[in-house]
1. With N set to the number of residues, divide the alpha-carbon radius of gyration of the stretch 250-294 by 2.2 N^0.38 Å and report two decimals.
2. Let a ≥ b ≥ c be the square roots of the eigenvalues of the Cα gyration tensor of the stretch 217-331; is it rounded (a/c under 1.5), or, if not, prolate (a/b larger than b/c) or oblate?
3. Express the relative contact order of the chain as a whole percentage, based on alpha carbon pairs under 8 Å and six or more residues apart in sequence.
4. Does the stretch 222-290 classify as rounded, prolate or oblate by the C-alpha gyration tensor (a ≥ b ≥ c root eigenvalues; a/c under 1.5 gives rounded; else a/b over b/c gives prolate, otherwise oblate)?
5. Trypsin sites (Lys or Arg not before Pro) within the stretch 231-293: which are DSSP loop residues with at most 16 other Cβ atoms inside 10 Å?
6. Could you please report the charge total around Ile71, scoring K, R as +1 and D, E as -1 over all other residues with beta-carbon less than 14 angstrom from its beta-carbon?
7. Please compute one quarter of the surface area of the Cα convex hull for the stretch 131-220 and express it in square nanometres.
8. Cα to Cα, under 18 Å, and not fewer than 8 places away if on the same chain: which aspartates and glutamates meet these conditions relative to Lys72?
Amino acid sequence: MALDHRVAFAALLLVSPPLGAAAPLSPGLHTSVVFDHVSPLSSTAELIRRTFSPLAAQRMTGGASLTGHPIKIAQEQFLVYVPARKPPQGYALLVFVPPNDGAAVPPGWASVLDDEGIIFVSAQRSGNDWKVESRRMPLAVAAAEQLMRDYAVPPSRVLAGGFSGGSRVALRLAFAYPDVFRGALLNSDADPIGTAAIPLPPADLFHRFQENSRLYYIMGDLDTAGRSMQAASEASLQRWCVFDIHAAAMPHAGHTTAGGSTLSLALDTLLDPAPAKRDGLAACRARNESELASSMQRIDALVASGDKAAARRALTDLDAKFGGLAAEQILALEKMLH
């Protein structure tokens, strides 16, 4: 996101006062649903803290504490599908981000949602043309918080999901909000993490993502571009010590939504109550910590030599790579260089 867009996002401080609670919806498909719960997790301050690097967040806020929300929830509309029966273990929830503005349950998915007891929700006007941080993500988080409250859905049974460009947002939701989403259903597109575009979140959130989250990629075997994106995304996750990753290829399929059997397998895997895979986590974290320490030492050496210009460039690289995982160190170095 360009800096002018970040500044514009920081200016979207639209305060939405809490409204009265609404009754849960009856089973079936509901369109044009309006929610009433204002989630603090979708506030401007939380979105900036969770989705921008330390230096980017500092430039946006000037170090001030921001208030307000980028959306007015009472003015938004959602599509909600409630299964016919509530399973004995309670409902699960899939918050789906579409690539276009018309929210809909993808073909063949309703019967799977019924069988699995999964509530489906998708925001209107949340397609690829809208900003990720100031609209698509807060809409998804607000929907999750509303339906978790209305149907007593625990975070261990809440998933983000999406198709195409919406799949890329779903990964960011699981990444930035591991306290809300157990994991993500990534259908035909994905991005690498730990980049200037998708920086690592604060350490407490990132450690939770590493330890508890589960991801499932679904790609058509004829979707060459999507499979290449998946490979880059998976490699970045493993580089950053995220190991509970699963994938399914749809035979003879291109860039398309999952069929019923593939979807069912993915949802069963994502909602499996078994702990997330953590083999090798400690050793992987140690390697990353060693790399961070070496980068810090290099910047210290540049400062000591008087080459502040090179030190600033190295700090920018460090900010892009380690993001919120090294927020305290990055901001301390930034202060020292001014």
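1. Scaled against compact globular proteins, the figure is 1.91.
2. Prolate, since a/c reaches 1.5 and a/b exceeds b/c.
3. RCO, the chain: 16 percent.
4. oblate
5. Counting only loop positions with at most 16 other Cβ atoms within 10 Å, the trypsin sites (Lys or Arg not before Pro) in the stretch 231-293 are Lys277, Arg278.
6. Cβ neighbours under 14 Å give a net charge of 0.
7. For the stretch 131-220, the mean projected area of the Cα convex hull comes to 5.8 nm².
8. Asp36, Glu46, Asp101, Glu133, Glu145
The values are calculated or read from the model by the stated rules, or taken from the named source; none is laboratory data. As the structure is a computational prediction, the values presented were derived from the model and not from experiment. When we count neighbours, we look across all protein chains shown, and the Cβ atoms used for this are built from the backbone with ideal geometry, even at glycine. Note: accessible area is taken over every heavy atom of the protein model, side chains too, but ligands, DNA and RNA are not part of it. Shrake-Rupley method; radii C 1.70, N 1.55, O 1.52, S 1.80 Å.
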